[in-house]
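Report on one structure; see the data block that follows.
The values are calculated or read from the model by the stated rules, or taken from the named source; none is laboratory data. These numbers were taken from a predicted model, which means no experiment stands behind them. In this analysis, Cβ positions are derived from the backbone assuming ideal geometry, glycine residues included, and neighbour counts consider all displayed protein chains. We work out accessible area using only protein heavy atoms, side chains counted, and drop any ligands, DNA or RNA first. Shrake-Rupley method; radii C 1.70, N 1.55, O 1.52, S 1.80 Å.
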Amino acid sequence: MDDALRALGLLWGQEPASRRGPSQKTSVEEIVGAAIELADRDGLSGVTMRAVGQQLGRTAMSLYTYVPGRDVLVALMYDRAHGEATSSRGRLGWRKAVMAWSTDLRDLYFRHPWVLEISQARPVFGPHEQEVLERLLAILAGEGTTASDRRAVTSALFSIVRESAKRKAEAAAESEHGAEWWAGRAEALQAVAPDFATRFPESVALSHDQSELGPKPWIKAAEDAFRDAVTLLLDGLEPRLTAS
């Protein structure tokens, strides 16, 4: 219980009184910011108390005065990152608002791919993470959706967003040399399985004509798949709204 209280207290900005004041040499905010910089550069595995301390010119042990351990630090990083998701409904219709929410969150995950390594099975319960969820639920509730539909749509959207961010990150990594890889594989596949297109016509039909996708075809393909997936989900939801 004490560990949970301390972790949640830090997440919600309830820093102990002994950490406040001009005498402090660093802060929780600085530690979290340094950790995010490391994770963006080296991945989540690169975030250790020692590495963060070196980033700040401090010893690892001195950081424990502010953050009790790496698990809590990762939770703080996760919630801080979600503070970048700022989409709001404004005057958008509900469909555009959901698409904006999805795109904003997908882009956040793309900027910070290490966020996808953190399990959703145990929510962080931080304010920024909760605000992201609340914005989506408010849009759906405003259209008269049932609680059951909101649960289903929310789960599906998070799955689409997370997987799309992963695909976009992979596509970005492959965009420079991806065409060469595919060309080589296509040539080799033709040699070992010349009847591939005949045996798997539906799979071949789904393949993009990469020549029409611009200088970064893999990223555009990931973008298109993301928008299409969200659109299909909303198409399925809309008749349920008009029927209620």
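Any chance you could give the angle, 0 to 90 degrees and rounded to 10, that helix 70-82 forms with the longest Cα principal axis of the chain?
60
With a 1.4 Å probe and all protein chains left in place, how much accessible area per residue does the chain have, in Å²?
Heavy-atom accessible area per residue stands at 59 Å².
So if we plug the beta-carbon distance of E238 and T65 into 1/(1 + (r/R0)^6) with R0 = 51 Å, what FRET efficiency do we get, rounded to 0.05?
With a Förster radius of 51 Å, E is 0.45.
For the chain, what does the relative contact order come out to in percent, with C-alpha contacts under 8 Å and a separation of six or more?
The normalised contact order for the chain reaches 18 percent.
In whole percent, and with a 1.4 Å probe on the protein chains, what portion of the accessible area of the chain is carbon and sulfur?
The C+S portion of the solvent-accessible surface of the chain is 55 percent.
Any idea what angle helix 217-243 forms with the longest principal axis of the chain, computed on alpha-carbon atoms, 0 to 90 degrees, nearest 10?
With both axes taken from Cα atoms, the answer is about 90 degrees.
Please work out how much accessible surface I36 shows to a 1.4 Å probe, ignoring ligands, DNA and RNA, in Å² rounded to 10.
20
Looking at G184, T242, A85, which one has the Cα that reaches farthest to the positive end of the dipole of the chain (charges on Cβ: Lys, Arg +1; Asp, Glu -1)?
Ranked along the dipole, the leading option is A85.
Taking the full set of protein chains and a 1.4 angstrom probe, give the accessible area of S62 in square angstrom, rounded to the nearest 10.
20
Which order do peptides 75-86, 91-102 fall in by mean Cβ count within 10 Å, highest first?
Final packing ranking: 75-86, 91-102.
If you line up the long axis of helix 147-174 against the longest principal axis of the chain, both from Cα atoms, how many degrees apart are they, to the nearest 10?
The angle comes out near 80 degrees.
Do you know the Lys pair count in the chain for C-alpha distances under 22 Å, with sequence separation 8 or more or different chains?
For the chain, qualifying lysine pairs total 6.
Over the alpha-carbon set of the chain, divide Rg by the Kirkwood Rh and report the Rg/Rh ratio to two decimals.
Taking Rh as the inverse mean 1/r over Cα pairs, Rg/Rh reads 1.07.
In deg cm²/dmol, rounded to 500, what helix-only [θ] at 222 nm does the chain give when every DSSP H run of at least 4 residues adds -39500 (n - 2.57) and the total is split over its residues?
Counting only the DSSP helices, I get -21000 deg cm²/dmol.
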